[in-house]
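To start, the structure under review is shown below, and the notes come after it.
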Amino acid sequence: MEIRPVLDEEHTELADITVAAYLGLGHVDDEYEPELRDVAGRVAGAHVMVAVDDGGRILGGVTYVPDRASPYAEFDAEHAAGIRMLAVRPDAQGRGVGEALTAECLDRARSEGRRELILHSGTTMTAAHRMYEKLGFERDPNLDWWPTPGIELLGYRMHLEPGQAE
Ligand SMILES: CC(C)(COP(=O)(O)OP(=O)(O)OC[C@H]1O[C@@H](n2cnc3c(N)ncnc32)[C@H](O)[C@@H]1OP(=O)(O)O)[C@@H](O)C(=O)NCCC(=O)NCCS
């Protein structure tokens, strides 16, 4: 498996994967689906990476938010980076892809001197919560927020030691 920036011709496939991954968790509605599908917007305002298998098939993707100046930042901290829209295609889940994409974001944040990595996750995303906690993220209720009534996002953060990319 290779992790690399998404190519222009892969935007639609990654959009489909992202919607498919979020669909079963009650996180896709008419308002949110266009946002999930907007890979081009995320490429313009952050960094989008994909995991690709030996045959060139996209297995999943993630948006790395380099700092609070990005339109995709959901944090104010000056020295933080973020993770958004992590998604693994349903038939490739449970094989280490999500962990590899998250580890890539952690490596990148450390190598860029970020002091913490912040993300938010829906209350139904229990596999993701387990993965983040396994990787060393901590729940921080101070980061929780409600983008729309009835949707609660749970905050997680990991403090980083700069220059310790694995
Ligand atoms: C969450 C998600 C990205 C994980 O990716 P993945 O490739 O399936 O996960 P991995 O195989 O890398 O597993 C890493 C860890 O996640 C946890 N995990 C993965 N699938 C799980 C499941 N079905 N139930 C419980 N925990 C699970 C485990 O802790 C696992 O570690 P382990 O195998 O040592 O137990 C993927 O399931 C997904 O796309 N989910 C829907 C979208 C989503 O919730 N995105 C997160 C947004 S914040």
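The values are calculated or read from the model by the stated rules, or taken from the named source; none is laboratory data. Keep in mind that this is a model prediction, so the values were computed, not measured. Positions of Cβ are backbone-derived with ideal geometry, glycine not excepted, and every protein chain shown enters the neighbour counts. Surface areas here come from the heavy atoms of the whole protein model, side chains and all, with no ligands, DNA or RNA. Shrake-Rupley method; radii C 1.70, N 1.55, O 1.52, S 1.80 Å.
Which residue out of Arg89, Arg68, Arg57 is under 20 Å from Thr18 (Cβ atoms) and more than 13 Å from the ligand (Cβ to nearest atom)? Write out each step before concluding.
Values: Arg89 fails: more than 13 Å from the ligand (Cβ to nearest atom); Arg68 fails: under 20 Å from Thr18 (Cβ atoms).
After applying the criteria, what remains is Arg57.
Is it the case that Arg95 is in contact with an Asp or Glu (Cβ under 9 Å, 6 or more places away or on another chain) and either part of a helix (DSSP H, G or I) or within 14 Å of the ligand (Cβ to nearest atom) (or both)?
No.
Determine if region 114-126 includes at least one residue that is open to solvent by 50 Å² or more (accessible area, probe 1.4 Å) and among the acidic types (Asp, Glu).
No, there is no match, as no residue in region 114-126 is open to solvent by 50 Å² or more (accessible area, probe 1.4 Å) and among the acidic types (Asp, Glu).
Could you grab me the full set of residues in region 1-59 that are assigned to a strand (DSSP E or B) and within 15 Å of the chain's Cα centre (by Cα)? If you could, list the steps in order and put the result at the bottom.
Within region 1-59, the subset assigned to a strand (DSSP E or B) is 2-5, 47-52, 58-59.
Within region 1-59, Ile3, Arg4, Pro5, His47, Val48, Met49, Val50, Ala51, Leu59 qualify.
Go through (1) part of a loop (DSSP other than H, G, I, E, B); (2) open to solvent by 40 Å² or more (accessible area, probe 1.4 Å); (3) within 16 Å of the ligand (Cβ to nearest atom) and name the single condition Ala73 misses.
With (1) part of a loop (DSSP other than H, G, I, E, B); (2) open to solvent by 40 Å² or more (accessible area, probe 1.4 Å); (3) within 16 Å of the ligand (Cβ to nearest atom) applied to Ala73, the lone miss is (2).
What about Tyr64, is it at pLDDT 95 or above, not small (Gly, Ala, Ser) and not in a loop (DSSP other than H, G, I, E, B)?
Yes: the conditions hold for Tyr64.
I'd like the residue in region 98-142 that is polar (S, T, N, Q) and part of a helix (DSSP H, G or I) and, out of all such residues, is farthest from the ligand (Cβ to nearest atom).
Filtering region 98-142 for residues that are polar (S, T, N, Q) and part of a helix (DSSP H, G or I), the one farthest from the ligand (Cβ to nearest atom) comes out as Ser111.
Mind checking which pairs have a first residue in region 84-110 that is more than 25 Å from Tyr32 (Cα to Cα) and open to solvent by 30 Å² or more (accessible area, probe 1.4 Å) and a second that is near the ligand (Cβ under 6 Å from one of its atoms) and not in a strand (DSSP E or B), Cβ under 6 Å, 6 or more apart or different chains?
Here the result reads none, with nothing in region 84-110 linked to a residue that is near the ligand (Cβ under 6 Å from one of its atoms) and not in a strand (DSSP E or B).
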